[in-house]
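> Handing you this structure, nothing more for now.
Bear in mind that the values in this text are calculations on the coordinates, not laboratory data. Please read these numbers as outputs of a predicted model, since none were measured by experiment. So basically every Cβ, Gly included, is an ideal-geometry build from the backbone, and we count neighbours across all protein chains shown.
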Amino acid sequence: MKYIEPHAHMVSRVTDDYLKLTMAGCQAVCEPAFWAGFDRSSVAGFYDYFCQLTEHEPKRAAKFGLPHFCWLCINPKESEDLKLAEEVIEIIPKFLDRPNVLGIGEIGLNKNSRNELKVLELHVDLAARHDQLILVHTPHLEDKLKGTRLIRDVLKNDKRIRPERVIIDHVEEHTIELVLDAGMWAGMTLYPESKCTPARAIDMVERYGPERLWMNSACDWGISDPLAVPKTALEMKKRGHAPEPIEKLVFQNPAGFLRQCAKFRLS
Ligand SMILES: [Zn+2]
């Protein structure tokens, strides 16, 4: 089986995970910028993180012949400090021309606060000015529906943003339709405990069809499974799905979306 892992926080993973991904058929891994589990104290912390994502992590992946791509931003969890957020957004353009950078992400909302919304708008403006793809994180649990609506509205209100160049991640049963109806792509995040289990993800595929849909493990420093995508593909096979639609979901779809950035290439 070949597949793409379109959302994985590899800086938090051990090198053995690269080996496991490669052996499972992974053709490329993409890493959005994320919260480190603690708040960074200054713009210098983000500068170093962006160097890690654009210089060091691709080298670690290359040891396994695996292309590594990334997305850049200040994540919503650290967006309460507007001054810091503005400083970070200011340094991002220096990195946008680097060969593995696909776009701006994972931006979005966490608690749906006023400052988070302001920083989301700044990121959307940055993406529009630099013609970048956008990857969006949506809030958890009770904040998700409201947050997803707010995010959709920010993106819709900026007429420079083409919806087919946006993926809204961590969709669930109550948000997937509003994302797809807006013409955007939807990501299903496979977590052992929260977000979306493999069974729920397959139910959504069966209900809404595979168009503009992808699956990812979002494996990070928390309890998560870097092999969640191939395991879910196996689960689809068990449910009687044919090989072609499975490959569409785990390989053709992410490749199709990501190729909108000319830098996305498979080896
Ligand atoms: Zn993430």
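> For LYS111 paired with GLU206, estimate the spin-label separation in nm (one decimal), with each label point 7 Å from Cα along the Cα-to-Cβ line.
3.9 nm
> Separate question: When the expected Rg is taken as 2.2 N^0.38 Å, what fraction or multiple of it is the alpha-carbon Rg of the stretch 173-258?
For the stretch 173-258, the normalised Cα radius of gyration is 1.02.
> Hey, how many Å between the Cα centroid of the stretch 1-72 and the Cα centroid of the stretch 244-265?
One Cα centre to the other: 18 Å.
> With only alpha-carbon atoms counted, please give the Rg and Dmax of the stretch 88-134, in Å.
11.1, 34
> Here is a follow-up. Evaluate the charge dipole of the chain about its Cα centre and quote only its size in Debye, nearest 20, assuming +1 on the Cβ of each Lys and Arg and -1 on the Cβ of each Asp and Glu.
Dipole size: approximately 660 debye.
> Let me know the charge dipole size of the stretch 93-179 about its Cα centre in debye, to the nearest 20, where only the beta-carbon of Lys, Arg (+1) and Asp, Glu (-1) is charged.
Computed charge dipole of the stretch 93-179: roughly 380 debye.
> Return the equivalent ellipsoid semi-axes of the chain as a descending list in whole Å, where each equals the square root of 5 times an eigenvalue of the C-alpha gyration tensor.
In descending order the semi-axes read 26, 22, 17 Å.
> OK, next. Between LYS238 and LEU145, what's the calculated FRET efficiency when r is the beta-carbon distance and R0 is 41 Å? Round to 0.05.
Rounded to the nearest 0.05, the efficiency is 0.85.
> While we're looking at this one, here's another question. Work out the charge dipole of the chain with +1 on the Cβ of Lys and Arg and -1 on the Cβ of Asp and Glu about the Cα centre, then indicate which of LEU178, PRO243, CYS73 is farthest towards its positive end.
The listed residue farthest towards the positive side: PRO243.
> When we measure straight from the Cα of LYS237, which lysines land under 18 angstrom away, once same-chain ones fewer than 8 places off are left out?
The qualifying lysines are LYS2, LYS248.
> Which entries in LYS63/LYS195; LYS77/LYS144; LYS77/LYS159 show an alpha-carbon gap greater than 24 Å?
With Cα atoms farther than 24 Å apart: LYS63/LYS195; LYS77/LYS159.
> Can you give the helix-only mean residue ellipticity at 222 nm for the chain, where every DSSP H stretch with n ≥ 4 adds -39500 (n - 2.57) and the sum goes over all residues, rounded to the nearest 500 deg cm²/dmol?
When only DSSP H runs of four or more count, the value is -11000 deg cm²/dmol.
> Of the trypsin sites (Lys or Arg not before Pro) in the stretch 22-67, which ones lie in a loop per DSSP and count no more than 15 other C-beta atoms within 10 Å?
Those that pass, being in a loop and sparsely packed, are LYS63.
> Would you work out which of ALA201, MET188, PHE264 lies farthest towards the positive end of the dipole of the stretch 158-267? Charges go on Cβ: Lys and Arg +1, Asp and Glu -1.
The residue sitting farthest along the positive end of the dipole is PHE264.
> Order by neighbour count: CYS70, CYS261, CYS51, fewest other Cβ atoms within 10 Å first, most last.
Ordered by Cβ neighbours within 10 Å, fewest first: CYS51, CYS261, CYS70.
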